[in-house]
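Reading through the structure tokens given below for one structure.
The values are calculated or read from the model by the stated rules, or taken from the named source; none is laboratory data. Model, not experiment: these values are computed from the prediction. All Cβ positions, even for glycine, are placed from backbone atoms using ideal geometry, and neighbour counts span all protein chains on display.
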Amino acid sequence: MNVYKALTIAGSDSGGGAGIQADLKTFQELGVYGMSALTAVTAQNTLGVQGVYPLDTEAVARQLDSIGEDLTPDAVKTGMLFSGEIIRTAAGKIRQYGWDNLVVDPVMVAKGGSSLLQREAVQSLIQHLLPLALVTTPNIPEAEIIAEMTIASLTDCEEAARRIAQMGSRYVVVKGGHGSGNGAVRDVMYDGKNFVYMESPRIDTLHTHGTGCTYSAALTAELAKGQSAEEAVRTAKAFIRAAIEDGLGIGAGHGPTNHFA
Ligand code: PLP
């Protein structure tokens, strides 16, 4: 039996809809063995984030060493990294162990407004992590911060993708879900030369908590199985569309997507 292994370096969501929990559930549903290195613990439910508790960099480094000394992941993703020092620690270990197939989900702010990345850490992300990335998957607000521009059109999405690719990410996917309007959601994928556009209908629902985490986890799982970046992005898009369409409807607030395949 061929076992594919994926690693997530991310924060815990006690409510189970986002973060490490969403990643591991998604890996499992897509037939990939999941591993995790925790960066922070959040106290969280569908109503919002009640607490954020980052781990020491020593704890982050030790988890990554434990994995690196014994288990080689076929693909790796990063999610909530919280601080510049955690970013530098994670990037150093990714380089040390030569892990490729890296998906960087530049998590910054939870939908309720809580900060999951300190503002001053954005430069560390750009300097240390993006050059290691195979695919970076910002949503529109994240792409605006990284690329230092306002995005109001498809042309702007393309320009932001270009700028982020210049920072070292081999592929960039700017996800259109946070765009305005009732029309289709259009994601833009850039490989440094050409653009690919992926459209899906906008789904009217409150239950989108953990969407970005689940999408990037599905992409990581498919890369672990050996799909090309474009194939993996297409499979992840189909997975997240179904996950949003079939929302579980649990919790009194902003509920999770459906991770069941
Ligand atoms: N909590 C953690 C630990 C996360 O990693 C993320 C994801 O990006 C979120 C919360 C964000 O959740 P939401 O989809 O509600 O913005």
Inset, instruction - Can you work out which of the residues in region 38-49 that are of a type outside the set (A, V, I, L, M, F, W, C) and in a strand (DSSP E or B) is farthest from H259 (Cα to Cα)? - result: T39
Legend entry - Of residues in region 163-198 being on the phi > 0 side of the Ramachandran plot and modelled with pLDDT of 95 or more, the one surrounded by the fewest Cβ atoms within 10 Å (Cβ to Cβ): G192
Legend entry - Filter pass, V107 being part of a loop (DSSP other than H, G, I, E, B), among the hydrophobic types (A, V, I, L, M, F, W, C) and under 17 Å from the mean Cα position of the chain (by Cα): yes
Inset, instruction - Determine if region 45-66 includes at least one residue that is in contact (Cβ under 8 Å) with a residue 60 or more places away in the chain, aliphatic (A, V, I, L, M) and within 30 Å of A165 (Cβ to Cβ). - result: no
Inset, instruction - With the condition kept exactly as written, say whether any residue in region 33-41 is more than 23 Å from A236 (Cα to Cα) and crowded, with 21+ Cβ neighbours inside 10 Å. - result: yes
Legend entry - Extreme residue, farthest from the ligand (Cβ to nearest atom), among residues of region 1-37 that are charged (D, E, K, R) and assigned to a strand (DSSP E or B): K5
Inset, instruction - Looking at (1) under 23 Å from K111 (Cα atoms); (2) out of contact with any Pro (no Cβ under 9 Å at 6 or more places or on another chain), find the lone condition where L223 falls short. - result: (1)
Inset, instruction - For I151, indicate whether it is over 19 Å from T39 (Cβ atoms), touching a helix residue (DSSP H, G or I) at 6+ places or on another chain (Cβ under 7 Å) and within 16 Å of the ligand (Cβ to nearest atom). - result: no
Inset, instruction - Taking only region 92-117 into account, find how many residues are within 16 Å of the ligand (Cβ to nearest atom), free of Cβ contacts under 8 Å to residues at least 60 places away in the same chain and closer than 15 Å to Y215 by Cα. - result: 1
Inset, instruction - Just give me the residues in region 110-125 being part of a helix (DSSP H, G or I) and either surrounded by fewer than 18 Cβ atoms within 10 Å (Cβ to Cβ) or of a type in the set (D, E, K, R) (or both), in sequence order. - result: R119, E120, Q123
